[in-house]
Amino acid sequence: MPFHVRLLHFTLKKSLSEIYAFVFIRTFALSMISVFIPMYLLKEIGLPFSSVLIYFISVYLFLILGYLLGYFISLKIGVKRVIMCSVPIYIFSYLFLYNLLSHNISLVLIGATMGIAHGIYWFGYSTNFATFSDRKHRGEEVKLWYILAALVGIIGPLLGGILLDNLGFYIVFVLAILLLIVSAFPLLGLDDRKLVHRLSFHDIFQKVNLENAPRYFVEGMRQTSESIFWPVFIFYFIPGYTSLGFVIAGSTLFSSFAIWFIGDKVDVVSRKLFTDFSSIIYGLVSIAKIFVKNFSQIFTIGILSHVSFGSAEIAAHALAFDESHNKKMLGFFMMREMIISLSGIFLLAVVLLSGLELLESLKLSFILLGAASLLQKLFQ
């Protein structure tokens, strides 16, 4: 079935439509501010890069706690409504961030709230998508989610950058909080069901769950690099929030067209082969980042990075949802998300312990990620 027809089918499918609506609004809210948080801490608050790394390490540490909280909450209120519980925690984390200096709030506390919010959200999202999506067309359904994220990934950072340069962080934080409140409304009237399966240690760490651990480890490093190190690298060479937002939005726009067509192939070829090939391309692009120095080079490599990153993510997500049906779903997702979090901690910790200056630290992260992406297949 052509994708434009299936798009209507997915949107009208009640079991997923509320989740898509929530994801769209939530992603827009976060996209206006999230990419700028490292620069907010570095430039506006005046923290050293090492403190910024410590903040993000705390985010990843508490992500794991967030997954566990998501599980326990879903036992009480249901697997759909659990993702709504992340909204107030996101709001508190943004309030803490904005008042970091005036109220002397601990970076670890802020990282904890942000990590717990992310963890609860991703537990709920993964569980719902694996339950209600269509296996035969999962590549298309994951692509729809990615395209929705890309659409707001174009508008959000550009709008956020313009607002930051003209009105400051207060307005952007307020807008993000208001949108997060609005995002909860599509989920209020959900028919839901509580989890009945009790998660055990064996469910998480059984051998079959760990077979693809290297792939999830590299996936976590990719996400960490794209959300933290790459935006800081752009800002180093092209100062200004509008400029950063423009580069992120522009590269996302160009790459979205390629990903639109790439997503269809995920359902007709081997998803493992697709993931491996995309990971190799992304590894080469990641290493190439250390050589860029001007706007045109950054913009070009940004497009290549987004295309290869998006291709790898679409295939990896589709494959993960497939694998969850062949194993105990909750244990599988808990293991996968823990490995992704630990890989982020690993990359951040290595860069932190290197003691290098800012630019050298960023280049080190790209080299480590590139090497891991190229060598991923050897460890599977």
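Within the set F261, F254, the sole residue that is at pLDDT 70 or above, open to solvent by 10 Å² or more (accessible area, probe 1.4 Å) and over 18 Å from the mean Cα position of the chain (by Cα) turns out to be F254. Criterion applied to G168, G119, G160 was being surrounded by fewer than 16 Cβ atoms within 10 Å (Cβ to Cβ), at pLDDT 90 or above and either touching a Phe, Trp or Tyr at 6+ places or on another chain (Cβ under 8 Å) or not hydroxyl-bearing (S, T, Y) (or both), and the one residue passing it is G168.
With modelled with pLDDT of 90 or more, crowded, with 23+ Cβ neighbours inside 10 Å and of a type in the set (K, R) as the only criterion, which of K289, K363 stands out?
K289
The condition of being within 27 Å of I57 (Cα to Cα), open to solvent by less than 30 Å² (accessible area, probe 1.4 Å), at pLDDT below 85 and in contact with an Asp or Glu (Cβ under 8 Å, 6 or more places away or on another chain) holds for only one of S133, S126, that being S126. Note on region 172-193: among residues that are at pLDDT below 65 and surrounded by 13 or more Cβ atoms within 10 Å (Cβ to Cβ), the one that is nearest to F333 (Cα to Cα) is D192. Confirm whether S341 is of a type in the set (S, T, N, Q), closer than 19 Å to R215 by Cβ, modelled with pLDDT of 70 or more and in contact with a helix residue (DSSP H, G or I) (Cβ under 6 Å, 6 or more places away or on another chain). The answer is yes for S341. The condition of being surrounded by fewer than 21 Cβ atoms within 10 Å (Cβ to Cβ), in a helix (DSSP H, G or I) and not basic (K, R) holds for only one of I37, I25, I73, that being I25.
With respect to (1) within 22 Å of S343 (Cα to Cα); (2) crowded, with 23+ Cβ neighbours inside 10 Å, the lone exception for V82 is condition (1).
The values are calculated or read from the model by the stated rules, or taken from the named source; none is laboratory data. Since the structure is predicted, the reported quantities are computational estimates derived from the model, not experimental observations. Positions of Cβ are backbone-derived with ideal geometry, glycine not excepted, and every protein chain shown enters the neighbour counts. For the accessible areas, the whole protein counts, side chains as well, though only heavy atoms, and no ligand, DNA or RNA atoms are used. Shrake-Rupley method; radii C 1.70, N 1.55, O 1.52, S 1.80 Å.
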